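Each remark here refers to the structure printed beneath this line.
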Amino acid sequence: MESGKLTWSLRIGWFAIYVAAGAIALMFEFGTLAKGAVTDNGHIYIMQIVGVMSALALIPLALGGFKKMMDRIGDRPFGSRLRIYVICSWLRLAAFFAVVEYGMVLYYLINDDIGLYCAVIGAICSMFCYPTRGAIEYDLDWDECD
């Protein structure tokens with residue numbers, strides 16, 4: 001796989017986080033989905049706890065766990081490193097996707113800012129994971145495979 005193709009593939013996944021968040025906001029704002037649909041205090045509390053705990057668990061895992069995994073696979077053959085890198089990159093994007101989208105849905109379903117806070121924190125942290133060709137080549141020691 002060429003580093004440019006991998007970069008564009010991961011960028012599409014990265015941008016999907018924001019496109020999906022925008023689509024969720026539009027569906028709630030234009031009335032396709034009902035705002036404030038959850039009113040039971042017990043359900044609201046559980047949904048808030050799930051949102052905060054997922055942000056607290058997935059964001060550090062996506063940032064620090066990815067770095068630790070890249071450090072561990074440094075001595076493997078290039079093909080193996082590339083496969084692991086692709087899998088870990090998609091898992092990292094999926095973690096940010098889950099945090100941001102759940103936060104957006106939570107914000108609109110319970111009419112409370114805590115969901116928006118989780119979504120914004122996830123979105124800001126995903127900025128540190130924007131896939132660039134240079135970063136991918138650096139992480140994988142791409143020159144080594146030539």
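So D112 passes all but one of these: (1) open to solvent by less than 70 Å² (accessible area, probe 1.4 Å); (2) free of Cβ contacts under 8 Å to residues at least 24 places away in the same chain; (3) among the charged types (D, E, K, R). Which condition number does it fail?
For D112, the failing item is (2).
Restricting attention to segment 115-132, report how many residues are in contact with a Gly (Cβ under 6 Å, 6 or more places away or on another chain) and either open to solvent by 50 Å² or more (accessible area, probe 1.4 Å) or aromatic (F, W, Y) (or both).
0
Only residues that are of a type in the set (A, V, I, L, M) and either without any contact (Cβ under 8 Å) to a residue 12 or more places away in the chain or touching a strand residue (DSSP E or B) at 6+ places or on another chain (Cβ under 7 Å) (or both): list them for segment 57-86, please. It would help to see each step written out before you state the result.
Step one: of segment 57-86, the residues of a type in the set (A, V, I, L, M) are 57-59, 61-63, 69-70, 73, 82, 84, 86.
A57, the sole residue that qualifies.
Looking at segment 59-81, which of the residues that are of a type in the set (A, V, I, L, M, F, W, C) and touching a helix residue (DSSP H, G or I) at 6+ places or on another chain (Cβ under 6 Å) is most open to solvent (accessible area, probe 1.4 Å)?
Taking segment 59-81 and keeping what is of a type in the set (A, V, I, L, M, F, W, C), we get 59, 61-63, 66, 69-70, 73, 78.
Adding the requirement that they be touching a helix residue (DSSP H, G or I) at 6+ places or on another chain (Cβ under 6 Å) leaves 59, 62, 66, 69-70, 73, 78.
On the way: I59: 14, A62: 5, F66: 18, M69: 66, M70: 20, I73: 5, F78: 41 Å².
Looking at the filtered set, the residue picked out is M69.
Given the options S89, S54, name the one that is in contact (Cβ under 8 Å) with a residue 40 or more places away in the chain, of a type in the set (S, T, N, Q) and farther than 18 Å from L10 by Cβ. Full working, then the answer.
On the way: S89 fails: farther than 18 Å from L10 by Cβ.
Sole residue among the options that is in contact (Cβ under 8 Å) with a residue 40 or more places away in the chain, of a type in the set (S, T, N, Q) and farther than 18 Å from L10 by Cβ: S54.
Given Y102, Y85, which one is more than 12 Å from the chain's Cα centre (by Cα), surrounded by 14 or more Cβ atoms within 10 Å (Cβ to Cβ) and modelled with pLDDT of 90 or more? Give the derivation first.
Working: Y102 fails: more than 12 Å from the chain's Cα centre (by Cα).
It is Y85.
Return the residues of segment 92-109 that are of a type outside the set (S, T, Y) and without any contact (Cβ under 8 Å) to a residue 24 or more places away in the chain; say none if nothing qualifies.
Here is the first cut: in segment 92-109, the residues of a type outside the set (S, T, Y) are 92-101, 103-106, 109.
Result: A94, single match.
D113 fails exactly one of the following numbered conditions: (1) among the charged types (D, E, K, R); (2) at pLDDT 90 or above; (3) under 13 Å from T7 (Cα atoms). What is the number of that condition?
So the condition that D113 fails would be (3).
So, of the residues in segment 1-28 that are open to solvent by 80 Å² or more (accessible area, probe 1.4 Å) and at pLDDT 95 or above, which turns out to be farthest from G115 (Cα to Cα)?
Looking only at segment 1-28, we keep the residues that are open to solvent by 80 Å² or more (accessible area, probe 1.4 Å), and these are 1-2, 5, 8, 12, 15, 19, 26.
Subsequent filtering for residues that are at pLDDT 95 or above retains 8, 12, 15, 19, 26.
On the way: W8: 30, I12: 24, F15: 20, V19: 17, L26: 16 Å.
Checked segment 1-28; the qualifying residue farthest from G115 (Cα to Cα) is W8.
Among what's in segment 19-43 and is of a type in the set (G, A, S) and in contact (Cβ under 8 Å) with a residue 24 or more places away in the chain, pick the residue that is farthest from L106 (Cα to Cα).
Step one: list which residues in segment 19-43 are of a type in the set (G, A, S), which gives 20-23, 25, 31, 34, 36-37, 42.
Still in the list and also in contact (Cβ under 8 Å) with a residue 24 or more places away in the chain: 20-21, 25, 36-37.
Values: A20: 14, A21: 12, A25: 11, G36: 9, A37: 10 Å.
Taking the candidates together, the pick is A20.
So for segment 8-15 (the condition being touching a helix residue (DSSP H, G or I) at 6+ places or on another chain (Cβ under 8 Å) and among the β-branched types (V, I, T)), does at least one residue qualify?
Pass one, segment 8-15, residues touching a helix residue (DSSP H, G or I) at 6+ places or on another chain (Cβ under 8 Å): 10, 13-14.
Among the residues that remain, those that are also among the β-branched types (V, I, T) are: none.
So far as segment 8-15 goes, no, none of its residues is touching a helix residue (DSSP H, G or I) at 6+ places or on another chain (Cβ under 8 Å) and among the β-branched types (V, I, T).
The values are calculated or read from the model by the stated rules, or taken from the named source; none is laboratory data. The model shown is predicted, which means the values in this text are computed figures rather than measured ones. A quick note on method: Cβ atoms are made from the backbone with ideal geometry, for glycine too, and the neighbour counts reach across all protein chains shown. Surface accessibility is based on the protein's heavy atoms, side chains included, excluding ligands, DNA and RNA. Shrake-Rupley method; radii C 1.70, N 1.55, O 1.52, S 1.80 Å.
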